[in-house]
Amino acid sequence: MQSENLSCLWNDVALLTDQRAYTFVCKTMLQIPEQEVETLQEIILADWQSSSAACDCLQFHGSMVLQIGYLSTNGKQEAFTAEIPLQGQLPKPLAEHAAARLLYSHGQIADTCLLLEIVLQISQQQELQRGQVMIGSFKMREQLEFPFPWPDCEEVLATTATAKVEEFHIAENQLQACGQYDLTLVYANREQHGENVFAYQQQRPWQAVWDVPAGLQELDCIEPFYQEITVQILDGRHILFCGDGVLCTAGVEHDAAQTKQEDTSKEKRVASEQLNTQIAMVLQQLIQELQRCNREKAQQKETEETAPDEDSASSCDEVCPVRKNGEAGKVVHPSVVNSRGSRRANLFKYMRDLNSSMQTPNSMRNFEFGIENKEE
């Protein structure tokens, strides 16, 4: 089985977040060789990577590498390799040993184009901070109904649910709070021509009351944590969200400041190590260049002693060692080593933000597939 890298025509990415996971919804158009693919077989997540800028650890930059197996027109099993760039704004830094998994993958071929629809999820651990105290539990039960022209839901691919607390107060040993749910359902409908993956978002109000210990007068902040979320398809246009969670007080400010300080120190240490590595590489190149120049001067001195009439050519080579090396074809000036840019960096110019088109399916481009077969 051979593997061939594919070029990216366009790449749309949406990042959906909640306390449980970060979910990337990707729609990517790839260019494939003409008249080579007979049938797509499987799509595998071969690798993924992430990096964050030193100045902003919440800005996610990364990529996933997909291996796309197919049956060629000559009956052989072959594979494409595609590197899809990812980016988005995270609510919290990514965990150190975070794991990613491919929730959904689907490909469609039209002429020399391959449309990939991918749902990738990076799990997050919900950890209480030091000083947080559980106040009580809560339950969520919300039914979503798709308005026209949203297509029916055939398969649930991923969900996000966030409970935001807008107001709360304590009265008569009871904590009364209100806010809103932010619910997102990522689902598939394969009866659609072109794109089959959709993400429907909706906000719902909520309010609840909890008993609190006598003597508790006020709280600085409260934060809900989900323990379990399930989704049930009632019919194609009605989806039931059910969730269980707990309500906690905020962590101690000193602990939060200390954690932030530790994260900042770690980032500075990593940046310092990277800088030291770069300096060491530059110094090594300078030493090699100095050694090379010394060898050239020694050779030039021997040449001058044996052939005094070649002074002008030798001095020219001493002033322009790059040209001399180019003629010899053996040594390359350090300034042109690795001058070609990163392929993954070039792919980022195709990046577009899919979040702006999550509110309506009409703004999502629909690539027409199989129209000619349908007319026949």
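Residue 12 sits with roughly 20 Å² accessible to a 1.4 Å probe, with DNA, RNA and ligands left out of the calculation. Note on residue 154 and residue 291: the extension gain reaches 42.4 nm, defined as 0.36 nm multiplied by sequence separation minus the Cα-Cα distance. Quick check on my link table: of 92/266; 27/268; 92/164; 27/266, which ones sit more than 24 Å apart, alpha carbon to alpha carbon? Correct reply: 27/268; 27/266. Shape call for region 1-126 from the C-alpha gyration tensor, a ≥ b ≥ c root eigenvalues: rounded (a/c under 1.5), prolate (a/b greater than b/c) or oblate? It is prolate, given that a/c is not under 1.5 and a/b is the larger ratio.
Per-residue surface analysis assigns residue 113 an accessible area of about 20 Å², computed on protein heavy atoms at 1.4 Å probe radius. Charges were assigned to the Cβ only: +1 to each Lys and Arg, -1 to each Asp and Glu. The resulting dipole of region 95-251 about its Cα centre is roughly 160 debye.
The values are calculated or read from the model by the stated rules, or taken from the named source; none is laboratory data. None of these values were measured; they are calculated from a predicted model. Because the Cβ atoms are built from the backbone with ideal geometry, glycine has one as well, and the counts that use them run over all protein chains shown. Please note that ligands, DNA and RNA were not included when accessible areas were found on the heavy atoms of the full protein model with its side chains. Shrake-Rupley method; radii C 1.70, N 1.55, O 1.52, S 1.80 Å.
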